[in-house]
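First comes the structure, then the notes that go with it.
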Amino acid sequence: MMEITTLALFLQSAICLCALAAVLLKFWAEARLDSFRQEMFALRDELFDYAASGKVGFDEPAYRLLRRSMNGFIRYAHQLTFFRLCITIIEIKLAGKPTETKWTDDWEKALNRVTDEDTRSALKKFHDRAMVCAAKRLIFGSPMLLSLVLLSFPVLAIRQGWQNLRQIPDKAPFFTVSHVFDTSIIENQAAAAAAA
């Protein structure tokens, strides 16, 4: 009698765990994707509001490149995963091609042409925020990258000093991704997705 009850409890637990795993795998991935896109939409809207306030022209090349990059991230979000990024890097290495940096080069040139220092700084901050958003998307989809982020906390604490501990959770994702991957690969793929 006791064995049947134990077996029934075991089967119920196994079924519940399988159902929970399926739900987490399916809905966690979709929730992360939706969250990333929503955050990028909000950032793009903030950039638009910044331009609408007259602080930067809508025809300014740096603004247009940054907006195109954000549109690409929104469009490319479902492909922005650790696995796909690794495959892309392997393809680049096997083909023996240098990493394409067209968007990154164009961005640097356009940013350097902005004469107002405050505008240049604001556009750079928008770019940095977009890259942190992309880094978070990569990290929270990969247990390995998530582990690396947790390991980067002490490194950043030492580098930043103990006074800046509040900034570490914001800086750790991009710090980790930029030390593991060439971030220009991510930027250029997003720009290519926006152009498609």
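What follows is calculated from the coordinates using simple rules that are stated; it is not laboratory data. Keep in mind the model is a prediction, meaning the values are calculated, not measured. Cβ sites come from the backbone with ideal geometry, for glycine too, and all protein chains shown count toward neighbours.
In terms of packing, defined here as the mean over residues of other Cβ atoms within 10 angstrom, the peptides 56-66, 82-92 line up highest first as 56-66, 82-92.
Sum up the lysine pairs in the chain that clear both bars: alpha-carbon distance under 18 Å and a spacing of 8 or more or different chains. The result is 10. Of the residues V180, V23, V114, the one that moves most in a GNM of the chain with alpha-carbon contacts below 10 Å is V23.
Once the chain from I90 to T6 is taken as fully extended at 0.36 nm per residue, the excess over their C-alpha distance is 25.3 nm. Each of S69, S152, S184 was scored by other Cβ atoms within 10 Å of its Cβ. Arranged with the fewest first, they read S184, S152, S69. Roughly what angle does helix 102-113 make with the longest principal axis of the chain, taking Cα atoms, 0 to 90 degrees, to the nearest 10? So the helix axis and the longest Cα principal axis differ by about 50 degrees.
For the options F181, F27, F48, a Gaussian network treatment of the chain with springs between C-alpha atoms closer than 10 Å singles out F27 as fluctuating the most. Look at the dipole of the chain built from charges on Cβ: of A135, H179, M40, the Cα furthest out on the positive end belongs to H179. Given +1 at the Cβ of Lys and Arg, -1 at the Cβ of Asp and Glu and no other charges, the dipole of the chain around its Cα centre is 160 debye to the nearest 20.
Which one is right for this structure if mean projected area of the Cα convex hull in nm² is calculated from it: [x] 16.1; [y] 13.8; [z] 14.5? Comparing each candidate, only [x] matches the computed number. Using 0.36 nm per residue and subtracting the Cα-Cα separation, the extra length available between D118 and L151 on full extension is 8.5 nm.
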